[in-house]
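The values are calculated or read from the model by the stated rules, or taken from the named source; none is laboratory data. All values derive from a computational prediction rather than experimental measurement. In this analysis, Cβ positions are derived from the backbone assuming ideal geometry, glycine residues included, and neighbour counts consider all displayed protein chains. The accessibility values were calculated without ligands, DNA or RNA, using every heavy atom of the protein model including side chains. Shrake-Rupley method; radii C 1.70, N 1.55, O 1.52, S 1.80 Å.
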Amino acid sequence: DALPISPGGTLTVTINVGEQYPAPDAFVEPERVQLVQLIGPGRQVTAVAPRFTRQGEGLATPVTLPSAPGTYIVEARLKARFIELQPKEFTAYLEDEGLGRIVAERQRLKETEKPGRERYSRWPKALIRTGDGDSTHVTTPLGVLSELVPDVDPTRAKAGDVVAYQLRFEGRPVAGARLSRIVTGTAPFAQRLSHATTDAAGWARFTVAEGHQFIGTVHMVRR
């Protein structure tokens, strides 16, 4: 959805982690945030100097938009972290995230009874539209390690429209990945969860529903 904000206006952006979109359930420490920036019409990049405050479990900062109308990408990058989970816990995590291929690979390599070791990072981005203006940059990959790229500007889509998202990793489309979408309802924390699988060219499609939405995925490779 487009937010009711004018070009040049200031809004609060939160970096949230959790399964209860839009509410966070785990706090992101400020030192984990590597970068926050805006990408606007013409792929103009505006650096953001965050002034972080804690709002419950959310990490918030004010962001002032440029004066030109259009759709802006708010991009954040979180530094990589390392975790290790016990075998059953790791398998449950993989299955919950739709990573059956990783479960099968661990079985093939006889690693099912071994702890799972994962180094992960997060690459979130959000869209903000301030009036009419160019939005072709929204459908162009940023070139970061991992990202979802829509085929149209989702802020201009209406309920019932179909928007496709391409998953890209290291500059290449990813086939067979499960994307998850959460659409908020009218009551606090009410949400609708759905999934779609990327095709051979890395595209998955969702029908636009009423409410704000989060679309994400977990992609894992062996290093």
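Considering region 207-219 alone, what residues qualify as being open to solvent by less than 40 Å² (accessible area, probe 1.4 Å) and in a strand (DSSP E or B)?
I215, G216
Among the residues of region 146-160, how many are open to solvent by 20 Å² or more (accessible area, probe 1.4 Å) and in contact with a strand residue (DSSP E or B) (Cβ under 7 Å, 6 or more places away or on another chain)?
Step one: of region 146-160, the residues open to solvent by 20 Å² or more (accessible area, probe 1.4 Å) are 146, 148, 151-152, 154, 156-160.
Those still in the list that are in contact with a strand residue (DSSP E or B) (Cβ under 7 Å, 6 or more places away or on another chain) too: 146, 148, 151-152, 154, 157, 160.
Counting residues in region 146-160 that are open to solvent by 20 Å² or more (accessible area, probe 1.4 Å) and in contact with a strand residue (DSSP E or B) (Cβ under 7 Å, 6 or more places away or on another chain) gives 7.
Exactly one of (1) open to solvent by 50 Å² or more (accessible area, probe 1.4 Å); (2) closer than 27 Å to I15 by Cβ is unmet by Q107. Its number?
(2)
In region 1-41, what residues are touching a Leu at 6+ places or on another chain (Cβ under 7 Å) and of a type in the set (S, T, Y)?
T14
Please count how many residues of region 6-39 are loosely packed, with under 13 Cβ neighbours inside 10 Å, in a strand (DSSP E or B) and small (G, A, S).
1
Restricting attention to region 11-20, does a residue exist that is out of contact with any Phe, Trp or Tyr (no Cβ under 9 Å at 6 or more places or on another chain) and farther than 21 Å from I215 by Cβ?
Yes: one or more hits.
Being modelled with pLDDT of 95 or more and of a type in the set (D, E, K, R) is the filter here, so list the residues in region 33-66 that pass it.
R51, R54
Looking at (1) open to solvent by less than 30 Å² (accessible area, probe 1.4 Å); (2) at pLDDT below 95, which one does P69 not meet, given that it meets all the others?
So the condition that P69 fails would be (1).
Being touching a strand residue (DSSP E or B) at 6+ places or on another chain (Cβ under 6 Å) and either within 18 Å of D134 (Cα to Cα) or small (G, A, S) (or both) is the filter here; which residues of region 38-64 pass it?
Within region 38-64, L38, I39, G40, P41, V45, T46, A47, G58, A60 qualify.
Could you list, in sequence order, the residues of region 177-204 that are surrounded by 14 or more Cβ atoms within 10 Å (Cβ to Cβ), modelled with pLDDT of 95 or more and of a type outside the set (S, T, N, Q)?
Answer for region 177-204, where residues must be surrounded by 14 or more Cβ atoms within 10 Å (Cβ to Cβ), modelled with pLDDT of 95 or more and of a type outside the set (S, T, N, Q): A177, R178, L179, A196, D199, G202, W203, A204.
From the list T130, T91, which one is hydroxyl-bearing (S, T, Y), open to solvent by less than 50 Å² (accessible area, probe 1.4 Å) and either in contact with an Asp or Glu (Cβ under 6 Å, 6 or more places away or on another chain) or touching a residue at least 60 places away in the same chain (Cβ under 8 Å) (or both)? Write out each step before concluding.
Working: T91 fails: either in contact with an Asp or Glu (Cβ under 6 Å, 6 or more places away or on another chain) or touching a residue at least 60 places away in the same chain (Cβ under 8 Å) (or both).
Just one listed residue meets the conditions, T130.
Looking only at region 46-55, filter to residues that are surrounded by fewer than 12 Cβ atoms within 10 Å (Cβ to Cβ) and not charged (D, E, K, R); which one of those is farthest from V138 (Cα to Cα)? Walk me through how you get there before you give the answer.
The first filter runs over region 46-55 and keeps only residues surrounded by fewer than 12 Cβ atoms within 10 Å (Cβ to Cβ), leaving 47, 49, 51.
So of that shortlist, the ones also not charged (D, E, K, R) come out as 47, 49.
Values: A47: 17, A49: 22 Å.
For region 46-55, the residue satisfying everything is A49.
Give the number of residues within region 41-65 that are touching a residue at least 12 places away in the same chain (Cβ under 8 Å), over 15 Å from T10 (Cα atoms) and in a strand (DSSP E or B).
Residues meeting the conditions: 5.
Give all pairs with beta carbons closer than 8 Å in which a residue from region 11-40 that is in contact (Cβ under 8 Å) with a residue 60 or more places away in the chain meets a residue that is acidic (D, E) and surrounded by 18 or more Cβ atoms within 10 Å (Cβ to Cβ); count only pairs at least 6 apart in sequence or on separate chains.
Note: pairs meeting the criteria are I39/E75.
I'm trying to understand the selection: among the residues of region 110-124, which are among the charged types (D, E, K, R) and either in contact with a Cys (Cβ under 7 Å, 6 or more places away or on another chain) or open to solvent by 70 Å² or more (accessible area, probe 1.4 Å) (or both)?
Keep residues of region 110-124 that are among the charged types (D, E, K, R), which gives 110-111, 113-114, 117-119, 122.
Across region 110-124, the qualifying residues are K110, E113, K114, R117, R119, R122.
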